[in-house]
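The structure appears below as structure tokens.
The values are calculated or read from the model by the stated rules, or taken from the named source; none is laboratory data. Note that the coordinates shown come from a computational prediction; the quantities given were computed from them, not determined experimentally. Because the Cβ atoms are built from the backbone with ideal geometry, glycine has one as well, and the counts that use them run over all protein chains shown.
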């Protein structure tokens, strides 16, 4: 009996060592096909109806097609795998509990505070700045390096977009309009400090709880890009929206380093090319949809106002000291990589 148990344990160990990412056994080289495909689990924060599904579904299609079915990708929307915990989602990628992931870079700031740099207030003047600094420049390279040091190999960056603010109390035109508003924010220390400087009462809660919290008036408002607001149907429970483009948020299509290390060189190329195609499709759709989403919200009764340049300056004067407050955490070199030279 002891010999049988010993043999079974040895076989289990061998199978474990042979397993690729996803927990399935089978070869990961690009030549030939396995008897059983390797199933990869991919997390996605948004609901399936959100724009982020474009990246996940395109990536899935490209991988399954270009590996001749040797890999399959199962997508789990609404952060099912992390129970709606945005930071836990990143942790699962870092540790290899999840193979693939598409989520906001901002939500990794709890693990790497230097990533606050991307979300600093009014750092970018528009999408031209974003494209130059993140998608084709030193800023994106720096973020990739920081995330990979934690255990997530970034295949490509996508886009969440410029963040707007909504609430149920009043239109926002001046910093005084922010006084005492309970605003849900993501788990980001810089945002806590920013909203406190504006006189608001920042509330940290899981994104999966936001709709109900707004509906029940537990919080007054929230801030997110257009596509994320729509994916969670937040416009149904908010009266006012202010367009201020105060902070930008990129997404990352990443693979756990544990999984990445099992891939052959040929498959690594396939994965990277699939991710680039998937993220570009998502970016194009995101930017093209902003105006349509806004029109849809207005048609549904939401009151939307755009801050003028002078109105934005009033907010900037209050929050720009944040750059010095977080300089020790972020570093002057990283500021410069993102185009901030003061």
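The residues on offer are 274, 295, 314, 288, and the sole one that is surrounded by 17 or more Cβ atoms within 10 Å (Cβ to Cβ) and either on the phi < 0 side of the Ramachandran plot or in a helix (DSSP H, G or I) (or both) is 274. For residue 177, the test of being surrounded by fewer than 17 Cβ atoms within 10 Å (Cβ to Cβ) and out of contact with any strand residue (DSSP E or B) (no Cβ under 8 Å at 6 or more places or on another chain) is failed. One residue alone among 256, 231 is closer than 25 Å to residue 40 by Cα, surrounded by 17 or more Cβ atoms within 10 Å (Cβ to Cβ), within 21 Å of the chain's Cα centre (by Cα) and not assigned by TED's automatic domain parsing to the domain that holds residue 105, and that residue is 231.
Residues of region 218-238 that are assigned to a loop (DSSP other than H, G, I, E, B) and in contact with a strand residue (DSSP E or B) (Cβ under 9 Å, 6 or more places away or on another chain): 218, 219, 220, 225, 232, 238.
Annotation note: Cβ proximity below 8 Å between a residue of region 250-275 that is closer than 30 Å to residue 120 by Cβ and a residue that is modelled with pLDDT under 95 and surrounded by fewer than 16 Cβ atoms within 10 Å (Cβ to Cβ) (sequence gap 6+ or interchain) occurs for no pair.
Residue count for region 152-174 under the criterion of being out of contact with any strand residue (DSSP E or B) (no Cβ under 6 Å at 6 or more places or on another chain) and surrounded by fewer than 19 Cβ atoms within 10 Å (Cβ to Cβ): the result is 5. Within the set 334, 263, the sole residue that is crowded, with 16+ Cβ neighbours inside 10 Å and either on the phi > 0 side of the Ramachandran plot or not in a helix (DSSP H, G or I) (or both) turns out to be 263.
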